Amino acid sequence: GVLSDEVGTGSVAFSTTSAFTPVVEGSTAAGAGTYNYQIGYSTRTGNIVHIAIALSWTAHTGTGNLIVSGLPVAAKNTANFQQIGNMTYNKLIFADGDISPAIAPNESKLTFSYTRTALDATTVGIVAVSDIFLQMTYLVD
């Protein structure tokens, strides 16, 4: 761990970095996957968590929308406070737009949606084969 001064608070926060195993699931039926790799790292400093995830799967039996579970800490429990990250990917199927990972209040899993100009966000369905690389910083309680 590392000690850091939290600017403006007069207090010191302790940072810890650890590995975790992210898991791909379907929202309707979780299913099971065959993975090339499942890599997850998190760093927590005070009430801020940064995650980095690399996932590659070659088969999956889940159904419904794409979920990545297994995050080490649940998001801040504030109603309507959905936190968004950045990602790149291969082989996800969706209409045009940019895919964003999101974490809902008090959840420890990511959902994925895309937004097209002037339209509401649409969830991304699980696929049998894909690669996901993402980074995200979110607030926790």
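The values are calculated or read from the model by the stated rules, or taken from the named source; none is laboratory data. It should be emphasised that the depicted structure is a prediction, and the values quoted were computed from it without experimental measurement. Positions of Cβ are backbone-derived with ideal geometry, glycine not excepted, and every protein chain shown enters the neighbour counts. Note: areas computed on protein heavy atoms with side chains; ligands, DNA, RNA excluded. Shrake-Rupley method; radii C 1.70, N 1.55, O 1.52, S 1.80 Å.
Report, by residue number, each residue of segment 124-141 that is over 14 Å from Gln82 (Cα atoms) and hydroxyl-bearing (Ser, Thr, Tyr).
Ser130
In this structure, does Gln135 turn out to be of a type in the set (S, T, N, Q) and open to solvent by less than 20 Å² (accessible area, probe 1.4 Å)? Working first, answer last.
Details: of a type in the set (S, T, N, Q): yes; open to solvent by less than 20 Å² (accessible area, probe 1.4 Å): no.
Against the criterion (of a type in the set (S, T, N, Q) and open to solvent by less than 20 Å² (accessible area, probe 1.4 Å)), Gln135 does not qualify.
Please enumerate the residues belonging to segment 85-127 that are in a loop (DSSP other than H, G, I, E, B), touching a Lys or Arg at 6+ places or on another chain (Cβ under 9 Å) and at pLDDT 85 or above.
Narrowing segment 85-127 to residues in a loop (DSSP other than H, G, I, E, B): 85, 91-97, 104-108, 116-121, 124, 126-127.
Those still in the list that are touching a Lys or Arg at 6+ places or on another chain (Cβ under 9 Å) too: 95-97, 105-106, 127.
Residues satisfying the conditions are Pro105, Asn106, Val127.
List the number of the failed condition for Thr63; all other conditions in (1) surrounded by fewer than 18 Cβ atoms within 10 Å (Cβ to Cβ); (2) among the polar types (S, T, N, Q); (3) under 30 Å from Phe14 (Cβ atoms) hold.
That leaves (3) as the condition not met.
Exactly one of (1) basic (Lys, Arg); (2) assigned to a strand (DSSP E or B); (3) in contact with an Asp or Glu (Cβ under 7 Å, 6 or more places away or on another chain) is unmet by Arg44. Its number?
Status for Arg44: all satisfied but (3).
With the condition kept exactly as written, say whether any residue in segment 109-119 is touching a residue at least 60 places away in the same chain (Cβ under 8 Å), on the phi > 0 side of the Ramachandran plot and open to solvent by 30 Å² or more (accessible area, probe 1.4 Å).
Scanning segment 109-119, I find no residue that is touching a residue at least 60 places away in the same chain (Cβ under 8 Å), on the phi > 0 side of the Ramachandran plot and open to solvent by 30 Å² or more (accessible area, probe 1.4 Å), so the answer is no.
Quick one: is Ser15 more than 17 Å from the chain's Cα centre (by Cα) and over 19 Å from Thr123 (Cα atoms)?
Working: more than 17 Å from the chain's Cα centre (by Cα): yes; over 19 Å from Thr123 (Cα atoms): yes.
For Ser15, the condition - more than 17 Å from the chain's Cα centre (by Cα) and over 19 Å from Thr123 (Cα atoms) - is met.
Tally up the residues in segment 14-33 that are farther than 15 Å from Ser108 by Cβ and either open to solvent by less than 50 Å² (accessible area, probe 1.4 Å) or of a type in the set (Phe, Trp, Tyr) (or both), please.
6
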